Structure formats: structure tokens, C-alpha cells
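One structure is given here, and the rest of the page talks about it.
A short reminder: the numbers here are calculations on the coordinates, not readings from a lab. Predicted model, so just to flag it, every value in this text is computed and none were measured. Glycine gets a Cβ as well: all are built from the backbone with ideal geometry, and neighbour counts include every protein chain shown.
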Amino acid sequence: MKQKLFNPVFLVLASIILPIAAFEAFAMGSIAASDILLALFAAVMALIIAGN
């Protein structure tokens, strides 16, 4: 599981897709979904920083 989380391809794709998805959820009026997606984005950024 740890190898999948620290896979650079997963981290880069997640760091690109999650903020866009969060913005789209916010634009559609789903504040809860937007907050969850932004929290996931923060977790991915923490994994990237911890991996270095």
C-alpha cells in the first residue's frame, strides 16, 4: 500500500486532478464535496513533502 501512495505518477495526477475537481464541486454548489476534495489535496501535498 505504501508503494502505491508514494508512486510519483499517482501523486502528480492527484495533485493536478483534486484541485480542479474541488473547484468544479464548489462551482456546482456542493460545498461539502469541495471541502473533502481540498482535504484530500492537502493530504497528497503532505505525502509529496514527506517523500522528499
Quick one: if you stick a label point 7 Å off each Cα along the C-beta vector at ILE17 and ALA42, how many nm between them?
2.2
Report, to the nearest 10°, how far helix 31-51 tilts away from the longest principal axis of the Cα atoms in the chain, using its own Cα long axis and a range of 0 to 90°.
20
Extension gain from ASN7 to ALA32, taking 0.36 nm per residue of separation minus the Cα-Cα distance
6.2 nm
Could you tell me what % of all Cα pairs in the chain have separations over 19 Å?
29
